[in-house]
Amino acid sequence: IAVLQTQRMGDLILTYPLLLWLSRRYPGNPVTVVAEPDFATPLAPISPPATYLPLTRAAELLGREHALVLNLSIRPEAARLAGEITAERRLGPVADAAGVVRVHGDWQLYRSSVVRQNRHNRYHWAELNALDVIPLADLAATNWPAPRIGGQRGPGSTGKRRVGVFVGASQPEKRPDAAFTARLVRELAKRGLVPVLLGGPGECDLGAEVVRRAGIPLS
């Protein structure tokens with residue numbers, strides 16, 4: 001089975017339930033995920049069992065026969081790859097030899113219609129990834145663990161709960177400015193929460209500006 005998910009970190013994480021359902025529905029069929037290594041590598045410790053390949057090495061899949069190819073990506077090269085891989089069944093955007101892209105699967109067609117629209121959608125993205133291939137009974141039988149409650153434990157615990165605030169994002173329209181984030185963390189602190197700023201090396205300056213504007217202790 002090949003799953004093509006060449007989008008960002010959040011999209012890759014939302015693919016994990018699908019990978020678990022596929023392992024149960026297709027036991028014995030190895031799953032290969034085509035994903036960006038910048039996202040797949042740091043997430044490896046929490047990923048369901050799968051082999052990850054970067055798009056630059058995806059040609060390795062062309063010599064194999066697949067029971068299923070599921071393209072969850074919106075990138076044109078992923079659609080071309082989905083059409084080139086030998087498979088009994090294809091779902092998601094698939095390009096033919098002439099370059100014409102067709103979306104296979106009713107739910108994948110619906111999913112494609114709401115990408116980039118930023119409109120309300122009644123379905124969870126992790127379920128939209130799977131609805132064309134995983135029976136509803138399998139989804140309904142899935143038990144999710146209760147959310148873990150954050151906060152310190154043990155001797156000297158303050159009892160306060162921490163909340164992570166990401167200061168950056170891969171797209172400008174998803175990246176609030178320092179003034180907004182400073183107001184947000186002050187409001188969280190007023191509610192007895194302990195804000196913790198999260199980000200990568202590229203967000204260091206933005207994080208420092210948030211700390212300066214917030215005027216409260218931040219991690």
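Tabulated results
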read-out	value
Matching residues, the stretch 175-208, being touching a Gly at 6+ places or on another chain (Cβ under 9 Å) and open to solvent by 90 Å² or more (accessible area, probe 1.4 Å)	Arg175
Subset of the stretch 51-69 [surrounded by 15 or more Cβ atoms within 10 Å (Cβ to Cβ) and either over 15 Å from the mean Cα position of the chain (by Cα) or over 20 Å from Ala87 (Cα atoms) (or both)]	Leu53, Leu55, Ala58, Leu61, His66, Leu68, Val69
Criterion violated by Arg102 - all others in (1) more than 19 Å from the chain's Cα centre (by Cα); (2) surrounded by 14 or more Cβ atoms within 10 Å (Cβ to Cβ); (3) part of a strand (DSSP E or B) satisfied	(2)
Complete set of residues in the stretch 1-35 that are surrounded by fewer than 19 Cβ atoms within 10 Å (Cβ to Cβ) and either part of a loop (DSSP other than H, G, I, E, B) or touching a helix residue (DSSP H, G or I) at 6+ places or on another chain (Cβ under 6 Å) (or both)	Arg8, Met9, Leu14, Tyr26, Pro27, Gly28, Asn29, Pro30
Residues of the stretch 37-48 satisfying the condition of being touching a Leu at 6+ places or on another chain (Cβ under 8 Å), of a type outside the set (S, T, N, Q) and surrounded by fewer than 19 Cβ atoms within 10 Å (Cβ to Cβ)	Leu43, Pro48
Qualifying residue in the stretch 63-72 (condition: assigned to a helix (DSSP H, G or I) and of a type in the set (Val, Ile, Thr))	no
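Every residue, every condition in (1) in contact (Cβ under 8 Å) with a residue 12 or more places away in the chain; (2) small (Gly, Ala, Ser), yes or no:
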| position | (1), (2) |
| --- | --- |
| Val33 | yes, no |
| Thr41 | no, no |
| Pro45 | no, no |
| Ala67 | yes, yes |
| Glu77 | yes, no |
| Asp96 | yes, no |
| Val100 | no, no |
| Trp107 | yes, no |
| Ser113 | no, yes |
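The values are calculated or read from the model by the stated rules, or taken from the named source; none is laboratory data. Small disclaimer: the values here were computed from a predicted structure and weren't measured. In this analysis, Cβ positions are derived from the backbone assuming ideal geometry, glycine residues included, and neighbour counts consider all displayed protein chains. We work out accessible area using only protein heavy atoms, side chains counted, and drop any ligands, DNA or RNA first. Shrake-Rupley method; radii C 1.70, N 1.55, O 1.52, S 1.80 Å.
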